[in-house]
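The values are calculated or read from the model by the stated rules, or taken from the named source; none is laboratory data. Source: prediction; values computed, not measured. FYI the Cβ positions are ideal-geometry reconstructions off the backbone, even for glycines, and counts take in every protein chain you see. When the accessible area is computed, the model is the full protein with side chains, heavy atoms only, and any ligands, DNA or RNA have been set aside. Shrake-Rupley method; radii C 1.70, N 1.55, O 1.52, S 1.80 Å.
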Amino acid sequence: MKFADVTVDPATGSQTIRAEFANPNRLLLPGMYVTAQFVEGTQANALLVPQRAVSRDEKGNAVVMVVGAGDKIQPRTLTAPRTIGENWLVTAGLARGDRVIVEGAQNLQPGMPVKPVRWTPKAPAAAAAGKGQ
């Protein structure tokens, strides 16, 4: 990559980037454009949490409720810098294997006992409607 503009067009979500790469078969000619996807980087220790599981505390921090020891509710403050699709990218505050409460957390208080069940995301309405056709 040779150059990346610092601004993103708010109407299209695009950014001007200049890259140099081999073109041995001369498939691309001067003046032609391409669409490319660049991987910004990876975070091996990050987790994805459904947006619906995350709320905010009085200070604006991202918080989830987890099922802790003895199946009792525990709040956890997260570091969640951005979303990816319908999930928050969580870089701190959760560990692999933590059981996050996705639905019904608004009715729970820390220390309450619960009977957890596995959450299964529902298919989007548009996709579900098209399956029977």
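With each label modelled as a point 7 angstrom along the Cα→C-beta vector, the LEU48-ALA36 pair spans 2.5 nm. Which FRET efficiency value, to the nearest 0.05, do you get for LYS122 and THR7 by plugging their Cβ-Cβ distance into 1/(1 + (r/R0)^6) with R0 = 35 Å? FRET efficiency, LYS122 to THR7: 0.40.
Keeping every protein chain present and rolling a 1.4 Å probe, give me the accessible area per residue for the chain in Å².
Counting only protein heavy atoms, the per-residue value for the chain is 82 Å².
About its Cα centre, the dipole of the chain is roughly 380 debye, where the only charges are +1 on Lys and Arg Cβ and -1 on Asp and Glu Cβ.
Taking percent of Cα pairs over 18 Å apart as calculated from this structure, the corresponding entry among (i) 69; (ii) 60; (iii) 53 is (i). Straight-line cross-link partners of LYS2 among the aspartates and glutamates, defined as a Cα under 17 Å from its Cα and at least 8 positions apart when in the same chain: GLU20, GLU40. Within a straight-line Cα-Cα reach of under 20 Å, LYS59 cannot be paired with any aspartates and glutamates, leaving aside sequence neighbours fewer than 8 residues apart in one chain.
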